[in-house]
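The values are calculated or read from the model by the stated rules, or taken from the named source; none is laboratory data. This is a predicted model, so every value here is computed, not measured. FYI the Cβ positions are ideal-geometry reconstructions off the backbone, even for glycines, and counts take in every protein chain you see.
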């Protein structure tokens, strides 16, 4: 998330600039109000919404093992998120974020009950998961205040949101993050490097009547092996290549995702917005 986005759940600097090196690409387009397009406003409307309320994102694509330059598809990641946006009188806003992850079979696209690790040939239960909720504060100066822990696990991180790239009516905004998650029992921190590229229409984003911009995202990440895969000290890492979209309703998330979530967590599936107020489960990667 991101859409995704999931980067506000796991990543980001505690006070990192939302935009670095803002240049000409960020200011070439009229705002629809007779001025210039503010890069923070474009990001705000593209990634979230400019009024209070809830949005959803979905992401889907392969989770891949990488050893050297050899890539081995492992399963299809299907991710749904719910985000509640609340604005404050000073212009800052909070985003409370819950992420739900479902593993799908690479060929059939159906939820996995078991997964075979192609590196060890071990068969183990599929790892469907829920992360969060956590809340991120977006300040008026473009800095973020993120939690220093997720589900009781300490996190160190930094992030950069780059200036919009505007070509004709296309707006692309790139967000990159690096994090170290200090999960208990790991010999080394769980490391995450990721990038999300959000895409939308300039005409849509500068329309003053639009509060929820239409948006899609491409997301990629490189991480350590997840502990449940039992790769121990084996060389290599994980990568993801996911695509997705922002939607207004839970019913607009992929059907296969909603079906599996109803099985694994019926209370969350019945009311995902209410789940934003529940305690975060333990984070274990």
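The criterion of at least 2 residues that are farther than 18 Å from residue 43 by Cα is met by the following strands (runs of 3 or more DSSP E) wholly inside region 158-229: 170-181, 190-201, 216-223. Look through 90, 121, 105 and report the one residue that is surrounded by fewer than 16 Cβ atoms within 10 Å (Cβ to Cβ) and farther than 25 Å from residue 62 by Cβ. Being surrounded by fewer than 16 Cβ atoms within 10 Å (Cβ to Cβ) and farther than 25 Å from residue 62 by Cβ holds for just one of 90, 121, 105, which is 90.
Table: residues versus (1) at negative phi; (2) assigned to a strand (DSSP E or B); (3) under 17 Å from the mean Cα position of the chain (by Cα); (4) at pLDDT below 95.
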{"site": "56", "(1), (2), (3), (4)": "yes, yes, yes, no"}
{"site": "61", "(1), (2), (3), (4)": "no, yes, yes, no"}
{"site": "136", "(1), (2), (3), (4)": "yes, yes, yes, yes"}
{"site": "144", "(1), (2), (3), (4)": "yes, yes, yes, yes"}
{"site": "147", "(1), (2), (3), (4)": "yes, no, yes, yes"}
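Consider residue 270 carefully, then state whether it is over 23 Å from residue 155 (Cα atoms) and out of contact with any strand residue (DSSP E or B) (no Cβ under 8 Å at 6 or more places or on another chain).
yes
Applying the condition of being touching a helix residue (DSSP H, G or I) at 6+ places or on another chain (Cβ under 8 Å) and surrounded by 20 or more Cβ atoms within 10 Å (Cβ to Cβ) to region 213-231 and asking which residue is nearest to residue 183 (Cα to Cα) yields 215.
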